[in-house]
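The values are calculated or read from the model by the stated rules, or taken from the named source; none is laboratory data. Keep in mind it's a predicted model, so treat the numbers as computed, not measured. All Cβ positions, glycine included, derive from the backbone under ideal geometry; neighbour counts span all protein chains shown.
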Amino acid sequence: MKKILIKKGTVVFPQRGVLQDADILVEDGLVARVGKGIEDTQACPVNASNLLVGPGFINLHVHLREPGRETEENLWTGSRAAARGGFTSVVSMPNTHPPIDNPLLVRYLLLRAKEIGLINIFPAGAITVGLEGKEMAEYGLLKEAGVIALSDDGRGVQDARLLYLAFQYAQYFNLPFILHEEDEGLSRGGEVSEGKVAALLGKRAIPRVAEESLMARDLVLAFRTGARVHFTHLSTALQVELLRWFQKKMPVSADVTPHHLLLTEEDVLQWGSEAKVKPPLRSLEDQKALKEGVKEGVISILASDHAPHPPEDKSLSFSEAPFGISNLEIAVPLYAKALIEEGIINWVELWEKLSYNPALFLGLNNKGILEEGKDADITIVDPGTRKKVKVSDFESRGKNCPFENWSLLGWPAYTIVGGRMVMAEGSIVEDEFC
Ligand code: DOR
Ligand code: ZN
């Protein structure tokens, strides 16, 4: 592998909260040097003037649909979409067909990811066998095979006793939880948020309390057991308050998606099933509270819940269409629009929430930090060039996206994974970079 020399970039150090002009030399998969005026005639040069250079983005929540629904997305198309989106690592959710609830499937995913060799794919394993919420999966075997976290994403674990035991059992294997919170008794049959849009469309609603009540229960279970838990895709103001309160008592984290920061229930009126997502898009007041949570640091991670679905499914009637939004390659400029353009956080803080904090949560000690000896997973962002979203250009097979034609700033320009250039100037590097 050839060396890479990134010249004249503005380097982001999220762990120290600073930006500095510096060059970076990448060699043998690692960051070899960070400093001013580095020269190396053997290295492939990258001109990063006017660009931001930082540790690679890590997306804690994506659906890659393999095995079982490879025509909708697979590790190859998902890796390409991630690389274009500036993500050097993703955590893939286990709600595949069959679900990732045994070591054989984990090994398959890791082998396939290595074969593709574009980005790091860290599989999450199921909390319960078949995601059925009835019986615990074998966490020891899952961990040994390589899962990084546990999740029944797509569903909440309804049985409190089962999750109480799971929270204790998983600690033997040091596995954290990524929790989708949804009380199915409260959400059953619901399609959109409770509120005026549900009333206008005559749709059954998913009340806020469906998420809030399960989250409150699981905060208590985590407090009592000491489990490491992360709440994914928050959507309501009360969830932010619950988290704020419990963070005074224990370490617990949460993330928010770009769509919950940028859209509200009213967008369902314009976009129909393209804006049908779980948890549902809620009110402007909820959105404001989520932004406030990000600003305060109560929500410390940004994760996209990339959920690709085929057009034939999304064009069914609203009630029959599946939940989910495809967003992997536009997540970063969407976050920039929601958070940076509105003055809520700056680029260094964005990097902290997209790289440093997720690496910390996952225990990836060599990622999330740009310094000598760390993994050369690097994302370079162009903060100044505006581009329009064209869903037909997505590498992802999922074209279900309500952001078509949005004009956005802050697109990833280069993605380097393990010292190899995998995306340059917006396109996947098919062969050698130079
Ligand atoms: O909208 C969603 N889609 N929410 C989820 O929790 C699951 C996901 C999917 O798998 O499509
Ligand atoms: Zn989910």
Exercise. Please determine, by comparing only the residues of the range 153-183 that are within 16 Å of ligand 2 (Cβ to nearest atom) and farther than 16 Å from Leu219 by Cα, which one is surrounded by the most Cβ atoms within 10 Å (Cβ to Cβ).
Key: Asp153
Quiz item: Looking only at the range 390-434, which residues are more than 24 Å from Lys114 (Cβ to Cβ) and β-branched (Val, Ile, Thr)?
Solution: Val391
Quiz item: Tally time: how many residues in the range 304-347 are within 12 Å of ligand 1 (Cβ to nearest atom) and either at pLDDT below 95 or under 17 Å from Thr257 (Cβ atoms) (or both)?
Solution: 12
Quiz item: Among the residues of the range 385-404, how many are farther than 18 Å from Ser273 by Cβ, in contact with a Lys or Arg (Cβ under 8 Å, 6 or more places away or on another chain) and in a loop (DSSP other than H, G, I, E, B)?
Solution: 1
Exercise. Check whether at least one residue in the range 414-425 is surrounded by fewer than 21 Cβ atoms within 10 Å (Cβ to Cβ) and either within 17 Å of the chain's Cα centre (by Cα) or closer than 24 Å to Val277 by Cβ (or both), and report yes or no.
Key: no
Quiz item: Any residue at all in the range 286-296 that is touching a residue at least 40 places away in the same chain (Cβ under 8 Å), farther than 21 Å from Ser407 by Cα, surrounded by fewer than 22 Cβ atoms within 10 Å (Cβ to Cβ) and within 15 Å of ligand 1 (Cβ to nearest atom)?
Solution: no
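So that you can scan it fast, the table gives a plain yes or no per residue for (1) in a loop (DSSP other than H, G, I, E, B); (2) not aliphatic (A, V, I, L, M):
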site: Lys295; (1), (2): no, yes
site: Ser317; (1), (2): yes, yes
site: Ala321; (1), (2): yes, no
site: Val332; (1), (2): no, no
site: Ile344; (1), (2): yes, no
Practice problem: Considering only residues that are of a type in the set (A, V, I, L, M, F, W, C) and assigned to a loop (DSSP other than H, G, I, E, B), look in the range 369-384 and name the one that is surrounded by the fewest Cβ atoms within 10 Å (Cβ to Cβ). | Solution: Ile369
Quiz item: With respect to Ser355, is the statement that it is more than 24 Å from Ala48 (Cα to Cα) and of a type in the set (S, T, N, Q) true?
Solution: no
Quiz item: In the range 57-103, which residue that is among the β-branched types (Val, Ile, Thr) and under 11 Å from the mean Cα position of the chain (by Cα) is nearest to ligand 1 (Cβ to nearest atom)?
Solution: Val62
Quiz item: Residues in the range 8-24: is at least one surrounded by fewer than 24 Cβ atoms within 10 Å (Cβ to Cβ), within 16 Å of ligand 1 (Cβ to nearest atom) and in contact (Cβ under 8 Å) with a residue 40 or more places away in the chain?
Solution: no
Quiz item: Considering Asn327, Asn357, which residue is within 28 Å of Pro14 (Cα to Cα), within 16 Å of the chain's Cα centre (by Cα), not in a loop (DSSP other than H, G, I, E, B) and not aliphatic (A, V, I, L, M)?
Solution: Asn357
Quiz item: Any chance the range 335-346 includes a residue that's of a type outside the set (Val, Ile, Thr), within 13 Å of the chain's Cα centre (by Cα), farther than 16 Å from Thr88 by Cα and surrounded by 24 or more Cβ atoms within 10 Å (Cβ to Cβ)?
Solution: yes
Quiz prompt | Tabulated pairs, the range 179-195, first over 27 Å from Ser92 (Cβ atoms), second within 11 Å of ligand 1 (Cβ to nearest atom) and outside any helix (DSSP H, G or I), C-beta under 6 angstrom, 6+ apart or interchain | solution = Val192/Pro280; Ser193/Pro280
Quiz item: What residue, of Asp159, Asp183, is within 16 Å of ligand 1 (Cβ to nearest atom) and of a type in the set (D, E, K, R)?
Solution: Asp183
